[in-house]
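The values are calculated or read from the model by the stated rules, or taken from the named source; none is laboratory data. Treat the numbers as computed from the prediction; the structure is a model and nothing was measured. With ideal geometry, Cβ positions are generated from the backbone for all residues, glycine too; neighbour counts draw on all protein chains shown.
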Amino acid sequence: MEGEALGPSAGLNHDGAPAKMSVAKLSAFYGKKKAVSDVSLSFRENSVTAIIGPSGCGKSTLIRCLNRMHEVSPGGRVEGQVLLDGEDIYTQDPVTVRRRIGMVFQKPNPFPTMSVYDNVAAGLRLNGVRKREVLDAAVLRSLKQAALWDEVKESVHGSGNRLSGGQQQRLCIARALAIEPEVILMDEPCSALDPIATAKIEDLIFDLQKSYTVVIVTHNMQQAARVAEYTAFMYLGELIEYDRTKKIFEQPAQKLTENYITGRFG
Amino acid sequence: MPTAVERKALSEALDRLNENMRTMSELAVLAIRKAVQALEKGRSHDADEVFTLDEEIYGLKHKIEQSCIELIALYAPVATDLRTITASLEITTDLDRIGRYSKDIAEAAEKLRGMSRESLGKVGNLTRMADLTIQMIETSVNAFAQRQADPVRDIVRTDDAIDTLHDEVFQELVEKMTDQSVAPRVGAQYILINRYFERLADHAVNIGLDVIYMITAERPIKAKHRDSTPHGAAAGPSVPPGEPS
């Protein structure tokens, strides 16, 4: 396979910077169907990594393996290792794992009956936080980090459902940030948004890397080029190429990558 | 990933760009050939042709630049597509300069025509310089047209030979003017022509390096323009990575 050119650990040397997470020989299954095949790669700490590839290539499945969401799917099964700070998350409590590795989904999914405030505070309350001043501080911090505070500060106790699509997505990001994760996974977070809302989310993603390790699945190659320092290209469940984004878009090493990003596919 | 419709439109636009680049390259080669003819044979219609070619080349440059900007704005090209467009943008500038220096040579030929002209053959190395320069330009534009990096990998070394010839011709002309076998007004024109050939070769090198980038994505260091350096300082183009110096 062409991906073998990457070496046994898909060992992209992040210029000596530490990897926050790494995946070793990861395969993911839906029943008997193998959706991700023997993928190895590492995600640099405090940077954005994009995963691109055609529909059905396994990119969403791969990031769902990164916080143990895949095993919740019917028939979902994982082989291989996912290391967070060097420790296999599959030997840890899944709830603890998901607290350290937050996720934002394609479609904004605020809790429909909750206010903006309660949406953001929900994760903390689930973790037993009850003190009002702690919750207030966390909600304020998270809404500010998600670049939403200025737009909702007058109506923070109003329904989250009344926000626009872009605001709802930033609310979901604020909700993910409230529990102070170390890694944020984003599965096509802008695919349901207009260009202006998309630009705001991209600005946000770019800023988030200062404090978090971000992994984003996207269909939009320009988005990968804009926000991600590293890009992985997947095809038919395999990791074909993984490198600095500028290298992938200027000088891809693999013909499959070149064909995909230039639209000469199929 | 571009859609099939976008890909088709981009491919067609790239084909048109390539066609315009091919035409511009052919005109530039023709311009330098005609300029050398004007110099060798002293025919004003050759010089007139060069002046017309220079205008056509200049017009094509703007047309190609505009199409490259449109392609980038409309299609956000990547990888080979992007490298083809950026290389084309760079190469049009070099082809335009080749047209301009051809015009300068033709103008010098016109001035020499009215003087008690020494034959070009008396400055033997200048003929060699003209041949080598044309050969370099043809090698570069053919490599671009055929998308081949190998023929231009040695072009920096050929340029070194041009630089040596330039210095020799300069010295030869100074000596001939000193011993009065060449009139200073004639010799001065030849010194300018000598300089134009040396600059033309630099543009051939630039095109060659752009071809290498377009095909391999290696970024060899571009030739430095030497107009501002003192004569003989020879701030030649840096040797690309992997090339022995």
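Summary table below
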read-out: Residue in the range A:197-235 that is nearest to the other protein chains (Cβ to nearest Cβ), counting only those that are closer than 20 Å to A:Lys20 by Cα and among the acidic types (Asp, Glu); value: A:Glu229
read-out: Any chance B:Val5 is assigned to a helix (DSSP H, G or I), within 13 Å of another protein chain (Cβ to nearest Cβ), β-branched (Val, Ile, Thr) and more than 14 Å from the chain's Cα centre (by Cα); value: yes
read-out: Checklist (1) buried (at least 22 other Cβ atoms within 10 Å of the Cβ); (2) of a type outside the set (S, T, N, Q); (3) closer than 21 Å to B:Ile32 by Cα; (4) modelled with pLDDT of 90 or more applied to B:Ala223, failing item; value: (4)
read-out: Every residue from the range A:201-222 that is surrounded by 19 or more Cβ atoms within 10 Å (Cβ to Cβ), over 14 Å from A:Gln106 (Cβ atoms) and not aromatic (Phe, Trp, Tyr); value: A:Glu202, A:Leu204, A:Ile205, A:Leu208, A:Gln209, A:Thr213, A:Val214, A:Val215, A:Met221
read-out: Residue within the range B:88-97 that is touching a His at 6+ places or on another chain (Cβ under 7 Å) and modelled with pLDDT of 95 or more present; value: yes
read-out: Residue satisfying condition, being in a loop (DSSP other than H, G, I, E, B) and closer than 25 Å to B:Ala217 by Cβ, within set A:Pro181, A:Pro252, A:Pro189; value: A:Pro252
read-out: All positions within the range B:70-84 that are assigned to a helix (DSSP H, G or I), within 11 Å of chain A (Cβ to nearest Cβ) and aliphatic (A, V, I, L, M); value: B:Ala79, B:Leu82
read-out: Single unsatisfied condition, B:Ala4 versus (1) touching a Gly at 6+ places or on another chain (Cβ under 9 Å); (2) surrounded by 15 or more Cβ atoms within 10 Å (Cβ to Cβ); (3) free of Cβ contacts under 8 Å to residues at least 60 places away in the same chain; value: (2)
read-out: Filter pass, B:Glu40 being in contact with a Leu (Cβ under 6 Å, 6 or more places away or on another chain), surrounded by fewer than 17 Cβ atoms within 10 Å (Cβ to Cβ) and at pLDDT below 95; value: yes
read-out: Single unsatisfied condition, A:Cys172 versus (1) assigned to a helix (DSSP H, G or I); (2) touching a Leu at 6+ places or on another chain (Cβ under 8 Å); value: (2)
read-out: Filter result for the condition that a residue is among the aliphatic types (A, V, I, L, M) and surrounded by fewer than 17 Cβ atoms within 10 Å (Cβ to Cβ), over A:Val95, A:Val120, A:Val78, A:Val82; value: A:Val95
read-out: Residue list for the range B:132-171, restricted to those being among the hydroxyl-bearing types (Ser, Thr, Tyr) and surrounded by 15 or more Cβ atoms within 10 Å (Cβ to Cβ); value: B:Thr133, B:Thr139, B:Ser140, B:Thr158
read-out: Flag for A:Met186 being within 14 Å of chain B (Cβ to nearest Cβ) and either surrounded by 23 or more Cβ atoms within 10 Å (Cβ to Cβ) or β-branched (Val, Ile, Thr) (or both); value: no
read-out: The listed residue being in contact with an Asp or Glu (Cβ under 9 Å, 6 or more places away or on another chain), of a type outside the set (Lys, Arg) and more than 21 Å from B:Asn194 (Cα to Cα), out of B:Leu30, B:Leu39, B:Leu60, B:Leu17; value: B:Leu60
read-out: Matching entry among B:Ala13, B:Ala87, B:Ala31 (being within 14 Å of chain A (Cβ to nearest Cβ) and under 15 Å from the mean Cα position of the chain (by Cα)); value: B:Ala87
